[in-house]
1. From the list A:Gly213, A:Gly192, A:Gly281, A:Gly184, exactly one residue is at pLDDT below 90, surrounded by 13 or more Cβ atoms within 10 Å (Cβ to Cβ), in a loop (DSSP other than H, G, I, E, B) and of a type in the set (Gly, Ala, Ser). Which is it?
2. What do you reckon, is A:Gln70 in contact with a strand residue (DSSP E or B) (Cβ under 9 Å, 6 or more places away or on another chain) and over 21 Å from A:Ala137 (Cα atoms)?
3. Consider only pairs whose beta carbons are under 6 Å apart and that are at least six residues apart or on different chains; among these, list those whose first residue lies in segment B:203-216 and is outside any strand (DSSP E or B) and whose second residue is surrounded by 15 or more Cβ atoms within 10 Å (Cβ to Cβ).
4. Which is more than 14 Å from chain B (Cβ to nearest Cβ) and either without any contact (Cβ under 8 Å) to a residue 24 or more places away in the chain or under 18 Å from A:Val43 (Cβ atoms) (or both), of A:Leu262, A:Leu274?
5. When segment B:40-96 is examined, which residues are found to be under 15 Å from the mean Cα position of the chain (by Cα), among the small types (Gly, Ala, Ser) and either more than 11 Å from chain A (Cβ to nearest Cβ) or open to solvent by 60 Å² or more (accessible area, probe 1.4 Å) (or both)?
6. For segment A:193-207, check the following and say yes or no: at least one residue is charged (D, E, K, R) and more than 12 Å from chain B (Cβ to nearest Cβ).
7. Could you check, for segment A:150-162, whether at least one of its residues is more than 19 Å from the chain's Cα centre (by Cα), modelled with pLDDT of 80 or more and of a type in the set (A, V, I, L, M)?
8. Could you list all residues from segment A:19-45 that are open to solvent by 40 Å² or more (accessible area, probe 1.4 Å), within 14 Å of chain B (Cβ to nearest Cβ) and either among the charged types (D, E, K, R) or in contact (Cβ under 8 Å) with a residue 12 or more places away in the chain (or both)?
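The values are calculated or read from the model by the stated rules, or taken from the named source; none is laboratory data. No experiment lies behind these values; they were computed from the predicted model shown. All Cβ positions, even for glycine, are placed from backbone atoms using ideal geometry, and neighbour counts span all protein chains on display. When the accessible area is computed, the model is the full protein with side chains, heavy atoms only, and any ligands, DNA or RNA have been set aside. Shrake-Rupley method; radii C 1.70, N 1.55, O 1.52, S 1.80 Å.
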Amino acid sequence: MFRIVLKLMLQGVTDIRHHPWIQVLTLAAVTLVAFLGGLFLLVLHNLDQELQRAGGDIQFQVYWQPDTGQDALQSQWAALRELEDLAEIKTFTGDQALDLLMQRLGGTGDFAWLRGNNPLPATALLTFAIQVDDQQAWAEATYLQLASLEGVEKVSFNPLQLDLARGWARFSNQVIWPLILFLGVVLALVVGNTIKLSQLHRRNEVEILRLVGAARWYIQLPMLVSGAVLGLLGGVLALLMLKGVQLSLQDLLHFPPLWLRLEYLPFSQAMAFLAVIVVMGVLSSWVALRET
Amino acid sequence: MISLRHVSFSFGTQWALKNISLEIGKGDFLFLVGPSGAGKTTLLRLLHGAIPLKRGQGTVAGFDLHTLKAGRIHLLRREVSVVFQDFKILPERTVFANVALALDVRNMPRTHSERRVRAVLRGLDLEAKAHIPCAQLSGGEQQRVAIARAVVVGPQLLLADEPTGNLDRELAMRLMSIFLQFHAHGTTIVLATHNQEILACVPDAKILHLEDGTVHWTNWTMHAAS
């Protein structure tokens, strides 16, 4: 039985040669549609990334009392590094803050005399890339958590950043993701219909197979495999074309003040993209079979 | 081999077969005759499960048409082969591949099926063209390919729908001699035609004349007739 199934699956691949021009044209159509869809996905992905970088982060600045010991500071900083959604943490002892101040002033001021009596407190600048729905509640809870740390004198954060993050999350939820879903549906329908039309061309073959006593699965399996192969080839070709576009355009907008670098689709999105096309290839072949 | 009792079939409100009863034994040769639209093709389609039997009762090659599930129709078609006027072959595939198709779907080992296909092609004078795509064959040759595919499986029953309809007289007579060869080997044959000339090729054949979906006359007594 396994040998027969394997034989039929191979037949699904080799059957493509029986109508080479139709298959080549179908493959070209699937590839181009998938490429256009992928291009749109690539733009949305990069827009998403850029907006997340620009507006999806919230920063908290934590100040410790001047008399807080170094050991207590180090252990608290270590604990802070483990916080969920923390994208970046910058920590400064009072002396480090003083050095940084001098550096930023470009050597025009000498504050070395303050070393023994440094008024700058130890501080930590925490940047979070938050993924939660209720950012207000999250910000309040994080604020209380940070303020309750031993020796902490003050915690501050910019509510404007929270508004920006919330605005971006709303924009992402209401525009980008629906657009990606819509794109997925359009891509699936066009790819599915293209493959279905090419499979309908095999109506004569299906009718003959039925006439000579082929079981239903014997007819279905090679056609489903053919649909999957067309989808897979079209999807892979589209992803390769997208890679070519990404490589040739990645530095196009990488200049001041934009500094945008075009990124390729992450592996998970590329695989999901491919899976949608393969699944549509199989489904459309199945629909075509039901219509013959 | 074939038993039909009070079989009727309609396409919507249009009756194609009305109260047909018929008994055909193993090894019989039956001609279905009558004008176009008489119901010959519908009756043949009913006999190989292309349309469902909803009214009346019928068995073909041991299969009860009334209770035959869609998932088991292929089993009936492994016993009943069909030859059509329009051949129904795959033009881009070779003669060999077209004939072997009927054995492939039965998962017959390749060496065994090759032997059978070659023997049938030899019998039908097609061996020299085994590896030529069917699109390059003449109409008569294509019809012989269709017959080869039908008989290579050794069916109990062979149905033929106007097999000589597209052929000239000489080819039609040659085709009839091929059918007679298989009939001589015990195959039951039902052949629909309105070519009166070929009826004379099989003097002992049963003839059933259909008109407007009903049995108009027969040349034998139908014991099961209504």
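1. Details: A:Gly192 fails: in a loop (DSSP other than H, G, I, E, B); A:Gly281 fails: in a loop (DSSP other than H, G, I, E, B); A:Gly184 fails: in a loop (DSSP other than H, G, I, E, B).
Among A:Gly213, A:Gly192, A:Gly281, A:Gly184, only A:Gly213 is at pLDDT below 90, surrounded by 13 or more Cβ atoms within 10 Å (Cβ to Cβ), in a loop (DSSP other than H, G, I, E, B) and of a type in the set (Gly, Ala, Ser).
2. So A:Gln70 fails the test.
3. B:Ala205/B:Phe29; B:Ala205/B:Phe31; B:Gly213/B:Trp15; B:Gly213/B:Ala16; B:Gly213/B:Leu17; B:Gly213/B:Lys18; B:Gly213/B:Gly39
4. Selected residue: A:Leu262, the only one of A:Leu262, A:Leu274 that is more than 14 Å from chain B (Cβ to nearest Cβ) and either without any contact (Cβ under 8 Å) to a residue 24 or more places away in the chain or under 18 Å from A:Val43 (Cβ atoms) (or both).
5. Within segment B:40-96, just B:Ala61 meets the criteria.
6. So far as segment A:193-207 goes, yes, one or more of its residues are charged (D, E, K, R) and more than 12 Å from chain B (Cβ to nearest Cβ).
7. Looking through segment A:150-162, at least one residue is more than 19 Å from the chain's Cα centre (by Cα), modelled with pLDDT of 80 or more and of a type in the set (A, V, I, L, M).
8. Within segment A:19-45, A:Ile22 is the sole residue that qualifies.
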